[in-house]
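Structure, as structure tokens:
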Amino acid sequence: MSAAAETAGRPAGGGTRAGTVRSLWRSAWTFGLVGLLLLLFLVTRAIKPTYGASELESLAIGALPIAFAAVAQAVVVISGGIDLTIGSVMALTNVTAAALMAGGSEEFAVLVVVFVLLLGLVVGALNGLLVVITRVPDIIVTLALSFVWAGAALLVLKSPGGSTAAWLKGLIDDTFLIVWIPEALVLLLVAVGVVWLPLRRSRLGLSMYAVGSDRLAAFRSGVAVGRTKIAAYAVTGLFAAMGGLSLSMSTGIGIPVPGPYTLLSVAAIVLGGVSLAGGRGGLLGPLLAVFILALIRADLTFLNVDPNFATVVQGVILVVVVMVGAFATLRRRTA
Amino acid sequence: MTTAPATGGRASGAAAMRSWQRWLIERPIVPLVLLLALLVAALWTIQPDLRNATWAAGIVRFAVPLAILAACQTLTMLTGGIDLSVAAVASMAAYIMATQTPAQGPVVAILLALAATAAAGLVNGIGIGVFRVHPLIMTLGMSLVVLGLMTVYQLKMVTSGSVIADGVAWLGGGTSFGFFSNSLIIFVPLAALVLFSLRRVGFGRLLYAVGDNEIAARLAGVRVWQVLLTLYVISGLLAGVAGIVYAAVTRTASVALVERFLLPSVAAAVIGGTSIFGGRGGYSGTIVGALILTVLTSLLTVLQMPEPVRQILFGAIILAVAAAYTRITDES
């Protein structure tokens, strides 16, 4: 745990020279993403010299739900699973919050937020429990459950409606301290950090990486595999609930139809350097990837490119980056 | 049954149980057909007016495109992959066909549509077979690319209008003699070809070999990348056919026509007993799986369940069937 401060990669890095090189290599992807993001900001400034604080703010607000979805997906994929219910759970928590807050006081909304976060935790734990006890592949279980939670969201609210407490919307509609830092970004980093930083340093966090890396080896080392998986799904549910609340903040209402967040989250974690095989990657990479994708989309809009074409570019980037990544890993293995 | 040693009551009971299980594992189609019969019986008990050929033809009409779409998932899942681009590719085929029909006539339009789907499949195949991109990611990226390209294409074609030729509508969505769904004319040869290829043709065996143990297959001299390349082109073409049939059934075409059938197509293959990890499964189960899902949808509609409850039950039943299946096959 000596190299726990590294930005990405498994928390257990050795103190030896080889260990340092290895952890540097693992962080290389993250450094690359940071570089790419900075480059994109320069490009954006070149395209649109007036790009400033207000554009940055709307960028952060727009990316907030996707960022929570990506973080949620990253946690479960690191533990060797995959969660296709994220979009549905976001819709469910979003409408639950909107329905409960309709007509309620501002103080009551605090209780609602706590309740909705707990709801996400419970729903996620239930997902994990079903994965563990049915022994059906994660992708199938969560695929089936995505129908269930989407249906539940429709039960809560038939059509878009409800409302959101003013203070909740106020959390992201401004800048923090100085004009260049959007409140939405601060909220995102605080929310993710409060959950993830203590978790990653805990026994449970280490178990998650262990189970994702090699299930059998983890089991033989005395890790409670089933309980770890359920915990990972629960944390994913919690982050999905944050995503649902962020939808409430940006739209002010509840929408009972799942957005494209599940697929976007998978795209973001892969760009962010989380291996779909599990056990590898962190949360910083996916977060950077979300903002890179959002910035590319914004740039294409500034360039007057057909907004639909942005989807094409996003798909191409996803595939190309993964190909490059696969090539790099291959070369490293043969070298 | 014959090999069970009769050493004691409990032991022979357990052995009989095991051989019963083995019998079931070798014939996964049996419980599936029973489940289908059960669903149909339940439906007919609730709604006796549906005991007629017209209803059955309607079920077949909707099950056929789903079964074709699920063929893509079955074949790719046999190699341990998955094709998440089928819905986008199928919608693309439907939309290209409908918009090209006014200018080119239906035959050329269909050929153009299928060429586009084969091209999409080829790109998938190159990514997965040659560049070793994870199939989930490659086909996900492909679906984004196709969806975006089609939306751009849609803006260009906004003046041409979209037409489903009468012949296409008859073949894909028509019914003859009151009970025969015309789409069976396409589906029966197609399904026979898939079933035959998987059982008797070298290519089918290669799919199982690659899915079962890719390294062993490579060491045995299989050119895995060629198998995967061919597979994803076939998957693209099948998705194209499914999209055209969907367009014929609904008599509409849009860039999101087939989107909502993506998850059911995966579900049909899984219910049908194809393992997502590769190497195990087949197409006959998938066909029954597609029928089960279609009858289930019909049943939930007949029960006048509100849409949310319908979705919840749909998901719960898929999970229950998959769990029961894993229970039976895992304890062998």
Report summary line: Residue pairs qualifying under the 6 Å Cβ cut-off, at least six apart or on distinct chains, with the first in the range A:64-90 being in contact (Cβ under 8 Å) with a residue 60 or more places away in the chain and the second being among the acidic types (Asp, Glu) and part of a helix (DSSP H, G or I), are A:Gly81/A:Asp138; A:Ile82/A:Asp138
Report summary line: Looking across the range A:123-150 at residues that are over 23 Å from the mean Cα position of the chain (by Cα) and at the interface with chain B (Cβ under 7 Å from one of its Cβ atoms), the single one that is most open to solvent (accessible area, probe 1.4 Å) is A:Arg135
Query raised in the report: What do you reckon, is B:Thr139 of a type in the set (S, T, N, Q), modelled with pLDDT of 90 or more and open to solvent by less than 10 Å² (accessible area, probe 1.4 Å)?
Result: no
Requested in this report: Could you figure out which of (1) over 23 Å from A:Ala102 (Cα atoms); (2) in contact (Cβ under 8 Å) with a residue 12 or more places away in the chain; (3) open to solvent by 30 Å² or more (accessible area, probe 1.4 Å) isn't true of A:Arg203?
Outcome: (2)
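Could you say whether any residue in the range B:257-264 is in a helix (DSSP H, G or I), aromatic (Phe, Trp, Tyr), surrounded by 17 or more Cβ atoms within 10 Å (Cβ to Cβ) and more than 10 Å from chain A (Cβ to nearest Cβ)?
yes
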Report task. Working only within the range B:168-198, note down all residues that are more than 19 Å from B:Val245 (Cβ to Cβ) and in contact (Cβ under 8 Å) with a residue 60 or more places away in the chain. Result -> B:Gly178, B:Leu198
**Report entry** Leading residue by the ranking (surrounded by the fewest Cβ atoms within 10 Å (Cβ to Cβ)) among those in the range A:76-113 that are assigned to a helix (DSSP H, G or I) and polar (S, T, N, Q)
**Finding:** A:Thr96
Report summary line: Scanning the range A:207-223 residue by residue, the ones that are open to solvent by 70 Å² or more (accessible area, probe 1.4 Å) and farther than 13 Å from A:Gly278 by Cβ total 3
Query raised in the report: In the range B:151-170, which residues are within 14 Å of chain A (Cβ to nearest Cβ) and part of a loop (DSSP other than H, G, I, E, B)?
Result: B:Met157, B:Val158
**Report entry** Test result for A:Gly226, in a helix (DSSP H, G or I) and open to solvent by less than 30 Å² (accessible area, probe 1.4 Å)
**Finding:** yes
Requested in this report: Determine whether the range B:243-255 contains at least one residue that is more than 14 Å from chain A (Cβ to nearest Cβ), modelled with pLDDT under 85, open to solvent by 20 Å² or more (accessible area, probe 1.4 Å) and over 30 Å from B:Gln100 (Cβ atoms).
Outcome: no
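Suppose the filter is in a helix (DSSP H, G or I) and over 22 Å from B:Gly278 (Cα atoms); does B:Tyr208 pass it?
no
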Query raised in the report: Is one or more of the residues making up the range B:303-315 charged (D, E, K, R), surrounded by 20 or more Cβ atoms within 10 Å (Cβ to Cβ) and assigned to a helix (DSSP H, G or I)?
Result: yes
Query - Test result for B:Leu111, open to solvent by 50 Å² or more (accessible area, probe 1.4 Å), out of contact with any Ser or Thr (no Cβ under 8 Å at 6 or more places or on another chain), assigned to a helix (DSSP H, G or I) and more than 16 Å from B:Val255 (Cβ to Cβ) - result: yes
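The values are calculated or read from the model by the stated rules, or taken from the named source; none is laboratory data. Not measured: the values here are computed from a predicted model. In this analysis, Cβ positions are derived from the backbone assuming ideal geometry, glycine residues included, and neighbour counts consider all displayed protein chains. Ligands, DNA and RNA are excluded from the accessible area calculation, which covers all protein heavy atoms including side chains. Shrake-Rupley method; radii C 1.70, N 1.55, O 1.52, S 1.80 Å.
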